[in-house]
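Below: one structure in structure tokens.
The values are calculated or read from the model by the stated rules, or taken from the named source; none is laboratory data. Predicted, not measured: the structure shown is a model, and the values here were computed from it. Positions of Cβ are backbone-derived with ideal geometry, glycine not excepted, and every protein chain shown enters the neighbour counts. For accessibility, only protein heavy atoms count, side chains too; no ligands or nucleic acids. Shrake-Rupley method; radii C 1.70, N 1.55, O 1.52, S 1.80 Å.
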Amino acid sequence: MTAPEQLGFEQMPRRLFRATPTRLLGWLDCPRRYRFTYLDRPPPPKGPPWAHNSLGAAVHTALASWWRLPLEHRTVEAAGELVERGWLEDGFRDEAQSYRWRQHARRLVETYTTGLDPADEPKGVERTVALTTSTLALSGRVDRIDERLIPADDPDTDGPVREVSAVELVIVDYKTGRHVLDTDDARTSLALAVYAAAAARTLRRRCRRVELHHLPTGRVASWEHSPESITRHLLRAESIGEEAYAAEQAFRAGLDDAAKDRVFPPIVGSQCQWCDFANHCPEGRRAYTSHRPWDGLDPEV
Ligand code: SF4
């Protein structure tokens, strides 16, 4: 990737670069796809929608809507109904496949809500949180922000935290994909760490614990960040943001096609199979056969 100083912008006064974790990670995954997604206007037409994205969106929407129901209506059956009501047909092979997956999604959400206490009101649902660093204005939308008691044996409870509040915030991120998640996924997630820092900043409460709730297996992968580990993630976010910012500045100054490919190179890898823009990328298309829209669904369901 091109270093900022190579692009000649090191002397320019900087405004904060506005980004979400998704955008920053998108830069790392493939700068060419980043350009297609965020910079080219109009963007190249995308391929057909993915069925696994429809499933994920329907589950996320149902869970968010469930928490917005009045307490007495937050039943397991209501959760299943919300899946039916918000179901998205996009990407499924046919009506029969869509129906089978709708029933599966309904079971996932019903099983998950069976384990929830409807009275345990979250602090936020699909809540946007934000923070600034010296170079970034970061924001993101969190699936759920819980409030939990800080354990009595927590070293911070003898200090100012106990005096201010005995509760802390917990970041909850729902997952519906085939990949089974573990502690390392929670620990290394830049997005979760940014959400934790931004939630602490926005809601003025301690927030160090992050959790991935994997609905297909019912497993929760969690990690307790320290202030130092959050800082490390924010520094990484800044470093990615520096590269993306410099490339964006070069784009806005005007690049010919060859320079676009130099500043926004394609990164060919397994992500090409699921790239919305693969039809506009000869390198990605040569290296990988595109999947059919429903190929991301678990064949064992
Ligand atoms: S097909 Fe692969 S290399 Fe091409 S834009 Fe998409 S992710 Fe990048």
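Return the residues of the stretch 223-236 that are free of Cβ contacts under 8 Å to residues at least 60 places away in the same chain and touching a Ser or Thr at 6+ places or on another chain (Cβ under 7 Å); say none if nothing qualifies.
Initial filter on the stretch 223-236 (free of Cβ contacts under 8 Å to residues at least 60 places away in the same chain): 223-233, 235-236.
Within the stretch 223-236, just Trp223 meets the criteria.
So Lys46 passes all but one of these: (1) part of a helix (DSSP H, G or I); (2) surrounded by 14 or more Cβ atoms within 10 Å (Cβ to Cβ). Which condition number does it fail?
(1)
Right, another one. Of all residues in the stretch 192-217, count the ones that are closer than 29 Å to Val301 by Cα and either under 17 Å from the mean Cα position of the chain (by Cα) or at pLDDT below 95 (or both).
Within the stretch 192-217, residues that are closer than 29 Å to Val301 by Cα and either under 17 Å from the mean Cα position of the chain (by Cα) or at pLDDT below 95 (or both) number 7.
Can you tell me how many residues within the stretch 6-25 are open to solvent by 60 Å² or more (accessible area, probe 1.4 Å) and either among the polar types (S, T, N, Q) or at pLDDT 55 or above (or both)?
So the count comes out to 9.
Name the one entry in Pro151, Pro122 that is surrounded by fewer than 14 Cβ atoms within 10 Å (Cβ to Cβ) and over 30 Å from Ser239 (Cβ atoms).
After applying the criteria, what remains is Pro151.
Further, regarding this structure: If you scan the stretch 49-78, which residues turn out to be touching a residue at least 12 places away in the same chain (Cβ under 8 Å) and outside any helix (DSSP H, G or I)?
So in the stretch 49-78, the residues touching a residue at least 12 places away in the same chain (Cβ under 8 Å) come out as 49-68, 71, 74-78.
Within the stretch 49-78, Pro49, Trp50, Arg74, Thr75 meet the criteria.
For the stretch 261-301, name all the residues that are surrounded by fewer than 19 Cβ atoms within 10 Å (Cβ to Cβ), of a type in the set (Gly, Ala, Ser) and touching a Cys at 6+ places or on another chain (Cβ under 9 Å).
Gly269, Ala287, Ser290
Only one of (1) in contact (Cβ under 8 Å) with a residue 24 or more places away in the chain; (2) assigned to a helix (DSSP H, G or I) is not met by Ile171, so which one is it?
(2)
Sticking with this structure for a sec: Please list, ordered by residue number, the helices (runs of 4 or more DSSP H) wholly in the stretch 189-301 having 2 or more residues that are more than 16 Å from the ligand (Cβ to nearest atom).
Numbers: elements: 190-203, 227-253, 257-263, 282-287.
Ranges flagged: 190-203, 227-253, 257-263.
When you go through Ser189, Ser239 one by one, which is the residue that is of a type outside the set (A, V, I, L, M), crowded, with 18+ Cβ neighbours inside 10 Å and either without any contact (Cβ under 8 Å) to a residue 40 or more places away in the chain or more than 28 Å from Leu136 (Cα to Cα) (or both)? Outline the logic, then answer.
Values: Ser239 fails: crowded, with 18+ Cβ neighbours inside 10 Å.
Selected residue: Ser189, the only one of Ser189, Ser239 that is of a type outside the set (A, V, I, L, M), crowded, with 18+ Cβ neighbours inside 10 Å and either without any contact (Cβ under 8 Å) to a residue 40 or more places away in the chain or more than 28 Å from Leu136 (Cα to Cα) (or both).
For Val76, work out the one condition from (1) more than 16 Å from the ligand (Cβ to nearest atom); (2) open to solvent by less than 40 Å² (accessible area, probe 1.4 Å); (3) at pLDDT 95 or above it doesn't fulfil.
Tallying (1) more than 16 Å from the ligand (Cβ to nearest atom); (2) open to solvent by less than 40 Å² (accessible area, probe 1.4 Å); (3) at pLDDT 95 or above, Val76 fails exactly one: (2).
May I pose another question? Among the residues of the stretch 263-271, are any more than 30 Å from Gly91 (Cβ to Cβ) and more than 20 Å from the chain's Cα centre (by Cα)?
Quick first cut of the stretch 263-271, residues more than 30 Å from Gly91 (Cβ to Cβ) only: 263.
Remaining after also requiring more than 20 Å from the chain's Cα centre (by Cα): 263.
There is at least one residue in the stretch 263-271 that is more than 30 Å from Gly91 (Cβ to Cβ) and more than 20 Å from the chain's Cα centre (by Cα).
Kindly check whether there is at least one residue in the stretch 233-246 that is among the β-branched types (Val, Ile, Thr) and over 23 Å from Cys30 (Cβ atoms).
no
Looking at (1) surrounded by fewer than 18 Cβ atoms within 10 Å (Cβ to Cβ); (2) in contact (Cβ under 8 Å) with a residue 60 or more places away in the chain; (3) within 18 Å of the chain's Cα centre (by Cα), which is the only condition Val220 fails?
The failed condition is (2).
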